[in-house]
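Enquirer: This is the structure, below, for whatever I ask next.
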Amino acid sequence: MIPQRVRCSPLHREERIADVVDTILRADGELLYRVDIDGHHYRVLAAETTPARPLHD
């Protein structure tokens, strides 16, 4: 199951909570999440993220 929100460090800086807006499966089998942080989109490796609490429980 794809999480709606994840904790990630898209630019290898501070950890942020981001909304997952899309998934990308690379040819080598690596899963990427396209995430939105304050209106900016980043691609992060799914393996380098952790699920965050959803906005609404």
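Enquirer: Using a 1.4 Å probe on the protein chains only, how many percent of the accessible area of the chain belongs to carbon and sulfur?
Expert: On the chain, the fraction of accessible area on carbon and sulfur atoms equals 48 percent.
Enquirer: Among [x] 44, 20, 11; [y] 17, 13, 10; [z] 24, 19, 12, only one was calculated for this model; which label is it, if the read-out is semi-axes √(5λ) of the Cα gyration tensor in Å?
Expert: Calculated semi-axes √(5λ) of the Cα gyration tensor in Å: the matching label is [y].
Enquirer: Using a 1.4 angstrom probe, figure out how much accessible area the chain has per residue, in square angstrom, rounded to the nearest whole. Write down the numbers at each step before the final one.
Expert: On the way: 4360 Å² over 57 residues.
Ligands and nucleic acids excluded, the figure is 77 Å² per residue.
The values are calculated or read from the model by the stated rules, or taken from the named source; none is laboratory data. It should be emphasised that the depicted structure is a prediction, and the values quoted were computed from it without experimental measurement. Heads up: the accessible areas ignore ligands, DNA and RNA and are worked out on the full protein's heavy atoms, side chains in. Shrake-Rupley method; radii C 1.70, N 1.55, O 1.52, S 1.80 Å.
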